[in-house]
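Take a look at the structure below.
The values are calculated or read from the model by the stated rules, or taken from the named source; none is laboratory data. All of these numbers come straight from a predicted model, not from anything done at the bench. Using ideal geometry, Cβ is built from the backbone for each residue, glycine included, and neighbour counts are taken over all protein chains shown. These accessible areas exclude ligands, DNA and RNA; they are computed on the full protein's heavy atoms, side chains included. Shrake-Rupley method; radii C 1.70, N 1.55, O 1.52, S 1.80 Å.
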Amino acid sequence: MSATPGPYEQTVALIERLLGLSAVHRESERGLYIDRGLYVIKQGSSYVMISVLRSGPAGDQVLVRVTAQVVAGVRAEGALLRQLMILNGKLRFGAFAYEPHGELILFQHTLLGGASLNDNEVLAAVHDVALVADRYDDHIVARYGGRRMQDVLEESAWARMLHIEHQDSMPVLDDTEEVALRSTPASGSAGKSGPKSGPKPHPESGGHGKKHH
């Protein structure tokens, strides 16, 4: 009788089944296998990285960190960091983070792995992280400089390997500290509030449904 898989193995197996990936099948329509426990997905115009991490004193707890790189090459000025902290306090899902190496702005969300993790939870986290990255990248570049990750990756060998297609720009956020969208003139739709709950790993953020601090 085979032993019951541990929480790490359960989590990795779920994600690889969901994405159709493995050490043998390293690329699928849903994503790319980088290493065991490390995967990249193209979602809209964003790249989302899923990393499975051991946690806890004995390494017996598992986290699933979902990360989108939003903007590259932007300096960590006080006004920018203040804006990101304000947004973190308003968003009901995930959090922005700053990675000095590469001057990256990330958006991250962390799930608890193991037997309680399910397909819908992972898919919702990937979708929502990509949505936030899409909505805020133009706004951050316009106010603070840097380049959208979509623009950076389109020029890289990694992008060519993933067969990126050009995506239309998302609507630019209103130039305020409020989390509100401004519709493009062609859409004629009313503004919407910030997203609600419902690729280089870095600091942890809250979880979708189940938060880890």
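For segment 21-153, give the percent of accessible area contributed by carbon and sulfur heavy atoms, probe 1.4 Å, rounded to a whole number.
On the way: 2750 of 5490 Å².
Carbon with sulfur: 50 percent of the solvent-accessible area.
For R26 paired with R75, estimate the spin-label separation in nm (one decimal), with each label point 7 Å from Cα along the Cα-to-Cβ line.
3.9 nm
Per residue, how much accessible area does segment 1-147 have with a 1.4 Å probe, in Å²?
Values: 6530 Å² over 147 residues.
Heavy-atom SASA per residue in segment 1-147 reads 44 Å².
For an R0 of 25 angstrom, estimate the FRET efficiency from the Cβ-Cβ distance between R82 and D151 and round to the nearest 0.05.
Working: r = 25 Å, r/R0 = 1.01.
Efficiency computed from Cβ-Cβ geometry: 0.50.
Beta carbons within 10 angstrom, averaged per residue: use that to sort the peptides 92-100, 21-29, 109-117, highest first. List each step's numbers first, then the result.
Numbers: 92-100: 18.6, 21-29: 12.3, 109-117: 21.6.
Listed from highest to lowest mean packing, they are 109-117, 92-100, 21-29.
With the crude spin-label approximation of a point 7 Å out along Cα→Cβ, what separation in nm comes out for R143 versus A13?
Output for this residue pair reads 4.6 nm.
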